[in-house]
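The values are calculated or read from the model by the stated rules, or taken from the named source; none is laboratory data. Computed from a prediction, not measured in an experiment: that's the story for all the values here. As a convention, Cβ positions derive from the backbone with ideal geometry for all residues, glycine included, and neighbour counts pool all protein chains shown. For accessibility, only protein heavy atoms count, side chains too; no ligands or nucleic acids. Shrake-Rupley method; radii C 1.70, N 1.55, O 1.52, S 1.80 Å.
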Amino acid sequence: MRHAVQGPEGRSSRNILRGAAFIALACGLIFASVPARSESKPQNEYPVATDARLEQSGDSVRLTMTMSSMVEIEAWVQASPDRVIVEMPSTNFQIQGSAKKAAGFVSAYRYGLFTADRARIIIDLSQPATIARTEVKPVRGGFGELTIELKKAARADFLAEAAKAKKVQEAPAPALPAAKPRGETRRVVVIDPGHGGIDPGTMVASISEKSVVLAFGKALKEQLEASGRYRVVMTRDDDRFVSLSDRVQTGRDEQADLFISIHADSLMQAQDVRGATVYTRSERATDAEAAKLAAKENEADAAAGLETREEVQDVAGILMDLARRETRTFTGVFARNLVDKLGGSIKMHKIPLRSARFWVLSAPDVPSVLIELGYMSSPKDAELLNSPEWRGKAVTAVSAAVEDYFARERASVGKAAENRN
């Protein structure tokens with residue numbers, strides 16, 4: 001279906017958009033800044049952080065961690081929301097769950113991988129504070145001790161520090177996607193397990209959304225690849241943070257034929273709400289719940305201390321609009337098929353197909369859907385989400401929807417060829 005309109009008489013709007021990218025480069029358009037992707041090293045080579053302690057003394061709060069080795073750190077304050085960002089090399093955080101997470105004007109802190117080679121500690125502030133001291137000093141036994149000391153400050157002083165620390169980083173113009181290797185006939189499917197690293201997503205008891213969706217994504221990748229018909233790319237295949245912009249760009253860089261984002265939401269005020277839901281992108285949400293979920297998912301970058309925002313570039317206006325229209329059509333076909341296949345295997349939400357303004361689904365030339373596997377706030381859904389048997393059923397249903405989508409495309413192309421003959 002998707003590639004049926006090609007040949008010397010006319011190219012698909014997706015291919016036209018590739019050409020429009022040259023215009024973007026020539027005009028020097030600036031896209032949202034995202035951390036560069038790089039190769040990661042094994043986690044057993046990361047320094048280890050243990051024994052976190054958060055203590056208040058007068059107008060100061062001090063966070064300390066024991067490190068297995070000396071590391072270099074950088075820290076700065078950030079406003080709206082007020083917080084302290086501590087950046088360091090990739091670290092294996094082995095902090096006990098009983099560690100104190102709030103003291104004085106520190107309302108909470110969290111930690112995790114930020115990129116392949118960096119980790120972050122984010123300290124949330126309930127009142128303005130500035131950084132009084134940051135250091136990593138050697139201690140007995142060859143270990144290091146990381147210390148971040150914060151001091152209560154006037155609002156004006158805090159904002160001045162935040163403005164001083166803010167780094168305006170402009171990413172280089174995006175490179176044009178590389179052409180597919182000659183002879184490559186497999187369709188490209190990008191699987192996007194939501195959240196990751198410093199952003200755990202929904203947390204219910206000791207279960208994190210980031211772990212549930214990663215397990216699902218890996219199982220789906222394995223099943224799709226087993227057919228030999230697909231090249232499957234994952235936006236993350238381990239516990240690391242990936243920005244929303246980077247997720248979208250992965251789909252475009254890989255010239256994906258489908259982009260599938262995997263999530264598992266929570267509604268603490270309605271624990272009886274259950275079932276899977278398929279979402280597509282639209283400027284106007286189908287309902288208030290869909291709008292609320294999109295707003296929540298679109299804040300994923302903020303959870304990691306990024307100050308990025310969605311920017312829609314008007315590249316060769318009419319060409320971009322053509323690509324979006326074509327993509328919406330393909331997305332709708334796949335989404336309806338996905339609801340049908342999932343509905344035959346697992347419980348679906350009472351409104352199984354919905355739409356809202358999800359940033360992660362914003363690629364104008366890649367059909368993209370977001371699957372909410374279920375509600376972790378529902379005891380029954382939470383149990384199923386961690387069940388290998390349930391996961392197998394759901395993965396098989398999604399895989400069948402992918403296969404049916406491309407089978408229809410192959411049939412459409414074949415019929416077009418017959419008509420030409």
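General remarks:
- Out of A171, A119, A175, A162, one residue alone is in a loop (DSSP other than H, G, I, E, B), open to solvent by less than 50 Å² (accessible area, probe 1.4 Å) and modelled with pLDDT under 95. It is A171.
- Residue within region 73-88 that is more than 23 Å from the chain's Cα centre (by Cα), part of a strand (DSSP E or B), of a type outside the set (A, V, I, L, M, F, W, C) and within 25 Å of S243 (Cβ to Cβ) present: yes
- Residue check: A52 meets all listed conditions (1) surrounded by fewer than 18 Cβ atoms within 10 Å (Cβ to Cβ); (2) at pLDDT 85 or above but one, namely (1).
- Unmet requirement for I121, which otherwise passes all of (1) under 26 Å from R247 (Cβ atoms); (2) among the aliphatic types (A, V, I, L, M); (3) free of Cβ contacts under 8 Å to residues at least 12 places away in the same chain: (3)
- Sole residue being in contact (Cβ under 8 Å) with a residue 40 or more places away in the chain and either open to solvent by less than 10 Å² (accessible area, probe 1.4 Å) or of a type in the set (G, A, S) (or both), chosen from I371, I351: I371
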